[in-house]
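Here the structure comes first, spelled out in structure tokens, and everything after it is commentary.
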Amino acid sequence: MTLQYRSQLRSFYLTSSGEFHTFRLPVPSLWPDILEKMKAAGLNGVSVYTHMGLINPSRGVVDFDSFRALQPLYDAAKAAGIWIVLRPGPLLRRVAIQYINAETTAGGISHWATSEVAGVLRTNATDWRAAWQAYVQGIIEQTAPNQINNGGPVIAIQVDNEYSQSLITHAEYFQELEDVYHNSTITVPLTYNDPGEGRNFINGTGAVDLYGLDAYPQGFDCSHPENWNPVTTNYFSYHEDVNPSQAWYFPEFQGGSFDAWGPTAPGYALCAELTGPNFQSVFYKQLWASNAKLISYYMLYGGTSWGAIPFQCVYSSYDYGASISESRALTTKFDELKLQGIFLRSSPEFYKTNVIGNSSTGATSTSNPAAFATFLQNPDTKTGFYVLRQTSSTSTAITTFKLNITTSLGNVQVPIVVSAITLGGRESKLVLADYSFGSSKVGYTTAQVFYAGTIGGRDILFLYGNSTQAHEIRLALTGTPNKAHQTQSPLITFTASANQTIVAFQAGVKGLQTVWDSNTQLVLFADSVTVTTFWAPVVPGTSTFGNYWALGSNTTVLVGGPYLVRNATISGSQLALLGDLNTTVPLTVVAPSTVKTVTWNGASVQLTAGVTATGGFTATLAPRTAVKTVAVPKLTGWKFKDSLPEIGATFDDSTWTVANHTTTNIPFKPYYGDGRILYGCDYGFCENIVLWRGHFTSTGAQTSVNLSINGGEAFAASVWLNNAFLGTSFGNSTNNQNILEETDDKFAFPAGAVHPGDNVITIVQDNMGLNETNGNNPDTSKSPRGVRGFKLNSGSFGAWKVQGKVGGYTGFLDKTRGVLNEGGLFGERKGWHLPGFDTSSWASRDLATGLPGDSAGVGFFVTTFSLNIPSGIDAFLSFTFEEPLGQDYRLYLFVNGWMMGKRVANLGPQAKFPVHQGILNFQGVNTVAVALWSMGRAAVSPSLQLVLDGVLDGGVPGVKTDNPQWTPVGRV
Ligand code: IPT
């Protein structure tokens, strides 16, 4: 019964979750790293798209091997205590009001389906329905045993993404998908994300169990990160209106932004700023104020759109400016996420609230109209949550005010001792009333709560606040204080009030302060920088869900100092911590009093007593010396071979596919030609580089050819007549404007280039990915990539031949790296990009020597290098181009056979390509191969280096490589 778990879903503690696409980190043994980082931020959910195009590369083939696997994700999530909302799609989405809207080729629809399905995609069309069956059945088989009712982590499944119910063909398609899930052993709720307040799929045909809303309030242009749109103020009333009986769910809320091709693209650093900690503070807490209880941030970890994963508008990096960077490093956004996440985890009274009203309804009020408050209250415990922000939500002013609140000890205006609550510009905070920590009570607090709960039987409250502001808390202090560690600061005062004590923190309080340390309570306060160095790892319990906070464990310890604390276990008197260090740090631990010794990554730690009389320790943690010796070699010893024999006089294309179709399911028809369809996807060549050869017999009258070529935004196509270079067509891109997917050029033949007899036009073109769907026309993903127009000035073409990657999407060779890895360049067809190919007979030529001028061309450069990075060290490596933007080349970067990036040197913006351990062999030989395509008449000289971007003592153990070697099989 599908709804069985809905009520359970509501009674879990408020989920805060983040989006992570496992296919964008193609090393399954690193997935625990991301999930452990999410958990360390206090999150308890992950939202995961799966990619139909990768899992179901050809008709009838469903492949969950290698990075396409789901079981390692399910296992890692359960080990981390993270719930999963699976979003198998098919993950197309409609383009909403924004100018671009999605980031993977065809929105995730399998390429075979974009060409083989005649009916409209994503509708009730019979052949589309037949097309998705195998994929969805595969997802069901993998997932059913991993649902929560079977002891697994999966709590919900999203049936499709962002769609409108208004067309019956769309609604019935949803219903068909739901029927398939309902007729299976899937019992978790089915969900949907509405791209706007469109009220889709709440009732009627195709309605889901749990409705949710997406929102990206800052849009996707990061050029002016300080320019904010205001918060949306009607979320609560919308929810009350459309689905008040369900938990208020945001399946996607802005966690960063994608970035577009082009020299004016702002880059991800600015996206991280646009959606930075202040954005998280103001906008995420506005969701809390709207009574949202299930929230997922898109993206939490973006990763890499390697190979042909991107759709046409975005480049290889999918860093997204997210809280965890593409390299897997933590950012300042992660710090803010953690402060929010641990607070939510600590606050069960917040899981069930009514919105009582706000400053405008009179339910609460502030003394300054520039400050806005929303009052939520738990109906059972009467705990009050006042969410505060600037009335003008984008204001950068410093706003001071008092707040009228309701408490069990009467209505009161706070603060009482310090002069005011302060909002320091773009900041949101909470005032809490009648809030519990363990069995202790807070009357009210204007200081923020990081952690509230118990440790070793004592009630623990960890407060924080900006050191330039004043804060106060009124609470019932209990027990007999042991003053050995308690703060003696004139800035911290204690005043009796209404049978409780007001502890006031004047501006200037810094570091970690022990406010009250009794046998029953420990109250700590830290400034807002110091608090970010703290962690509250879940100490696992022993039940099936022992790793899940609230369900399987309520035990934690506080650990300050390390870069990351992944895990904590207590056995007997020993606390074992696992985590990462980037530098020497002071360690602070608050643990049950039974804990006497501490280990860090297995090594015992020299402790001194600190912070609290019992169970508190301080120490120093230092990275092991091996960390300092990690180094990466220079890339030298390059071998070179030409990779464009197709323009040679003797090249034989007799084994190539004859491009002779005269019909196509692709709705965008050719512009001119002779009726033949020259769309790569129609011949199985739908990814990366495709080559075309058009033959004609000279009559002496041929002097030019017209070609309209479509490769998607930012593509290029170089054209030769025999061995004479005619020119390159560019589908250009500047951020947000002049998006040109296709070209229409006339190429004049140079004197003497036409031979008597057979002549060949050779085209090398890149396919930058298929389009996303457009709201009312889901068929836009059937993109016409290829030659949309061909015409000689005189006479006509004979045979057209086409060649993409060996085997096309049906018979492609590399089952591990998958259908989106390879393209059709000669060297790729031969497997020169794979480790183990013997290049000893090739010429030596430095990559920086590049390709000479006068003509465009394609060359392969291959070299190997060794790494010796000890296990237990996580190193962030990237391949970085050091020359400035502007050279006329594009380059495909293969690392141990994986196409980890497309560099478009004339357009940019990307010059740095992070590559992880697992793709890289940290203890052995690595192969780097680049296909260098010079597009013009100027010499090109890429300057590529391997760079160490960061190194940590830690990481996850057991990272595996799966980099199959070159074999001659099929490589003809
Ligand atoms: C939202 C999509 O659901 C998501 O897949 C992704 O494309 C995101 O946009 C942008 O990164 S659609 C939303 C903008 C209406």
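Across segment 202-217, coupling constants 3J(HN,Hα) worked out from phi with the 6.51/-1.76/1.60 Karplus curve, θ = phi - 60°, read 8, 10, x, 4, x, 4, 9, 6, 9, 7, x, 10, 9, 7, 10, x Hz, and Gly and Pro carry x. Filter the cross-link list 382/429; 746/830; 805/902; 78/352 down to pairs whose alpha-carbon distance in this structure exceeds 21 Å. Those over the limit are 746/830; 78/352. Length available on full extension from residue 167 to residue 972: 0.36 nm per residue minus the Cα-Cα distance, which gives 284.9 nm. Calculated accessible area for segment 675-804 comes out at 28 Å² per residue, all protein chains present (probe 1.4 Å; ligands, DNA, RNA ignored).
Here is the short version for the chain: 313 have no other Cys C-beta closer than 4.7 Å. Given their separation in residues at 0.36 nm each and the Cα-Cα distance between them, residue 554 and residue 660 gain 31.5 nm when the chain is fully extended.
What 222 nm value per residue comes from the helices of the chain, counting each DSSP H run with n ≥ 4 as -39,500 (n - 2.57) and dividing by all residues, nearest 500 deg cm²/dmol? Using -39500 (n - 2.57) per qualifying helix, the result is -3000 deg cm²/dmol.
Against the chain, whose longest principal axis comes from its Cα atoms, helix 332-346 is set at around 50 degrees. Rolling a 1.4 Å probe across all protein chains gives residue 222 an accessible area of roughly 0 Å².
Taking a Cβ cut-off of under 11 Å around residue 910, the surrounding Lys, Arg, Asp and Glu residues balance to a net charge of 0, with basic ones at +1 and acidic ones at -1. One chain, two ends: residue 748 and residue 510. Fully extended at 0.36 nm per residue, the span grows by 78.4 nm beyond their Cα-Cα distance. Of the solvent-accessible surface of the chain, computed with a 1.4 Å probe over protein heavy atoms with every protein chain present, carbon and sulfur atoms account for 52 percent.
Distances between placed amide hydrogens fall under 5 Å for residue 158 paired with 86, 87, 191, all partners being 5 or more residues away or on another chain. The string of couplings for segment 641-658 from the Karplus curve (6.51, -1.76, 1.60, θ = phi - 60°) is 8, 4, 10, 9, x, 4, 8, x, 4, 9, 5, 10, 9, 5, 8, 6, 6, 6 Hz, one whole number per residue in order, with x for Gly and Pro. Axis of helix 31-40 versus longest Cα principal axis of the chain: the two differ by about 30°, to the nearest ten degrees. Residues whose amide H falls under 5 Å from that of residue 357, counting only those 5 or more places apart or on a different chain, are 375, with hydrogens built in the peptide plane.
Label-to-label distance, residue 150 versus residue 885, with points set 7 angstrom from Cα along the beta-carbon direction: 4.9 nm. What shape does segment 347-528 take by its C-alpha gyration tensor, where a ≥ b ≥ c are the square roots of the eigenvalues and a/c under 1.5 counts as rounded, a/b above b/c as prolate, and the rest as oblate? Oblate shape, in that a/c is at least 1.5 and b/c is the bigger or equal ratio. Axis angle, to the nearest 10 degrees, between helix 71-80 and the longest C-alpha principal axis of the chain: 20 degrees. Within a straight-line Cα-Cα reach of under 16 Å, residue 483 can be paired with the following aspartates and glutamates, leaving aside sequence neighbours fewer than 8 residues apart in one chain: 517.
Residue 553 sits with roughly 10 Å² accessible to a 1.4 Å probe, with DNA, RNA and ligands left out of the calculation.
Placing dummy labels 7 Å off each Cα toward the beta-carbon, the span from residue 205 to residue 64 is 3.2 nm.
Residue 78 contributes an accessible area of around 60 Å² to the protein surface, as traced by a 1.4 Å probe with all chains present. Partners of residue 333 within straight-line reach, counting aspartates and glutamates whose Cα lies under 16 Å from its Cα and excluding those fewer than 8 residues away in the same chain: 19, 226, 273, 319, 427.
The calculated FRET efficiency for the pair residue 491 and residue 943, based on their C-beta separation and a Förster distance of 56 Å, comes to about 0.55. For the pair residue 368 and residue 439, a Förster radius of 22 Å applied to the C-beta separation gives a FRET efficiency near 0.05, rounded to the nearest 0.05. Counting charges near residue 241 (Lys, Arg +1; Asp, Glu -1) among other residues having Cβ under 11 Å from its Cβ returns a value of -1. Close amide-amide hydrogen proximity is noted between residue 194 and 212, 213, 214, each under 5 Å apart and 5 or more residues distant or on a separate chain (H modeled in the peptide plane; Pro and chain starts excluded).
Model label points for residue 649 and residue 544, set 7 angstrom from Cα along the Cα-to-Cβ axis, are 7.5 nm apart. Summed over the residues of segment 347-528 and divided among them, the accessible surface reaches 35 Å² per residue at a probe radius of 1.4 Å. Computed from the C-beta positions of residue 478 and residue 416, the FRET efficiency with R₀ = 22 Å rounds to 0.60. 3J(HN,Hα) along segment 568-579: 9, 9, 10, 10, x, 9, 10, 9, 9, 10, 10, x Hz, from the Karplus curve 6.51 cos²θ - 1.76 cosθ + 1.60 with θ = phi - 60°, whole Hz, x for Gly and Pro. Rounded, prolate or oblate: which fits segment 925-972, taking a ≥ b ≥ c as square roots of the Cα gyration tensor eigenvalues, rounded meaning a/c under 1.5, else prolate when a/b beats b/c? Judged from the Cα gyration tensor, segment 925-972 comes out oblate (a/c at least 1.5, b/c at or above a/b).
The values are calculated or read from the model by the stated rules, or taken from the named source; none is laboratory data. If you're wondering where the values come from, they're calculated on a predicted model, not measured in any experiment. Don't worry about glycine lacking a Cβ; one is built from the backbone with ideal geometry, like all the others, and counts go over all protein chains shown. Quick note on the areas: whole protein, heavy atoms, side chains included, nothing else; ligands and nucleic acids left out. Shrake-Rupley method; radii C 1.70, N 1.55, O 1.52, S 1.80 Å.
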